[in-house]
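The structure appears right after this line, and notes come after that.
The values are calculated or read from the model by the stated rules, or taken from the named source; none is laboratory data. Not measured: the values here are computed from a predicted model. Cβ: placed from backbone, ideal geometry, glycine included. Neighbour counts: every protein chain shown. When the accessible area is computed, the model is the full protein with side chains, heavy atoms only, and any ligands, DNA or RNA have been set aside. Shrake-Rupley method; radii C 1.70, N 1.55, O 1.52, S 1.80 Å.
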Amino acid sequence: MPHPLRSCIARHNNDQKPSLFTVGVIFAGLFTLTGCSTQKETTITHQKAIVPSRAETVTLAKSEETVPLPKKEEKGITEESLKCITCHEQRRLTHGWVADWEGSKHARKGVGCEACHIGSITELATTEITELEYLGMQESNCEDKRVRRHVTANMCGTCHKKEHQEFMKSRHSVSWERMLESGKLASIPKGAWSERCEQCHNIQFKCDSCHTRHTFNTLEAKTPEACRTCHMGSDNPHYEMYISSKHGSVYMASQSGILKESQAVSALRSPVCVTCHMPQGNHDLSFGLTNGPVTGSGLSYIDRNGAAIDEVERAKKRADMLSVCNICHSLSFAKKTLLDADDVHKNIEAVIKEARDIVSGLEREDLLSRPMGKTTSMPLSGHAFVLEALPSYANKSRIERLFIKLTQSAAVTWKGAYHGNPGYTHLYGWAKLQEDLSDMKEEVKKIREEAELQRRMKMKLR
């Protein structure tokens with residue numbers, strides 16, 4: 001049978017005026033030939049590309065030469081890790097964590113379970129006493145007694161040396177010690193520490209407070225939600241201050257795509273917590289922070305150890321902070337904003353001094369007394385008015401409790417100012433501060449009136 005394309009060409013030679021049907025047939029034939037040719041070429045090309053996955057040589061298309069390929073170094077699951085994975089999956093013990101690890105960068109780099117959960121005698125010998133005490137609180141149920149349930153920051157530091165050294169300079173690295181020193185702890189049953197205190201303060205020993213186990217994804221640690229677990233609530237509303245500020249509003253508006261376009265925080269439309277507090281991934285959270293907690297101690301500018309910061313160090317920290325603000329804002333705007341917050345802080349210090357003088361005056365006049373039903377485990381001091389960095393409401397007179405409440409309102413006020421949140425600076429801060437001061441003055445009036453009444457009664461009895 002003659003090929004249809006040849007028949008069309010023959011008719012075309014006989015008739016110089018081809019019909020529309022003839023032209024269509026010609027194009028159809030060309031398309032058929034082209035399709036066959038393309039399919040054939042594609043098949044050949046595909047066949048050329050097939051290479052055995054484990055082959056160490058490849059055959060070139062135009063010659064029979066073989067070119068040796070370099071052996072690929074694969075970092076797979078170690079034998080120790082395989083034992084852990086098998087056991088956890090068979091017994092269905094935290095198998096979700098196993099899945100997280102398998103998708104982590106640690107797994108891709110060949111860092112297995114034993115690298116973190118099995119500590120050497122040498123490593124344990126160099127561990128601080130407080131860290132060893134924490135490790136002994138919850139022992140592992142693993143049949144392999146070498147396995148430790150908790151992985152400490154010190155253990156992470158064996159590989160992540162720079163990050164660990166920076167972390168040890170921050171206030172996070174003393175959070176457990178500060179918890180033990182706190183007066184609040186005395187009024188809380190020890191069995192309730194794990195629910196009320198430890199889950200935040202144990203950040204001194206572990207990195208997975210921010211880098212969630214077992215993915216340890218840096219992107220997760222960069223989100224404000226990673227900080228929210230601890231930095232929230234009426235006495236410590238850092239997350240609330242941020243999320244309801246202008247910075248936080250922009251973050252919420254672009255939340256669906258947050259941190260997906262780039263691992264660099266600088267690529268985000270709005271700064272997040274780590275932008276200002278951990279610039280360039282610096283794990284020293286004390287960066288650029290010149291203001292410490294405003295308490296009865298009177299130290300407004302303190303370092304990691306609670307010591308006062310001098311003017312030279314404060315100037316350096318302010319310059320560091322401005323260098324971060326200047327990435328997005330003009331230097332003049334950043335300076336003015338921080339100076340306005342400084343003014344708020346100075347006004348608060350004046351209120352704190354007035355409140356402290358009120359209570360100290362009552363103490364000098366011997367008008368302070370221990371409340372009824374005081375906690376017997378609390379050590380009795382020589383006077384009633386005790387100013388602590390983290391005071392407890394227990395075993396305090398009402399005027400002292402009002403003073404502690406006032407210092408907390410003061411902290412909310414100035415922190416709101418430095419976080420650029422007008423609501424927390426004024427409504428939840430300054431307004432509450434003035435209310436607390438008024439309550440203290442009313443209480444002082446009652447105390448003096450009662451003291452005067454008792455004095456007159458004693459005079460009558462004579």
Accessible surface of region 407-460, 1.4 Å probe, proportion on carbon and sulfur as whole % = 56
Tensor-based shape of region 395-462 (alpha-carbon gyration tensor, a/c under 1.5 rounded, otherwise prolate or oblate) = prolate
Please give the peptides 274-280, 175-181 ranked by average Cβ packing (other Cβ atoms within 10 Å per residue), highest first, as a rough proxy for protection.
-> 274-280, 175-181
Please list 85-97, 448-460 highest first by mean number of surrounding beta-carbon atoms within 10 Å per residue.
-> 85-97, 448-460
Across 105/161; 162/246; 405/446; 316/415, pairs whose alpha-carbon gap is larger than 24 Å | 162/246
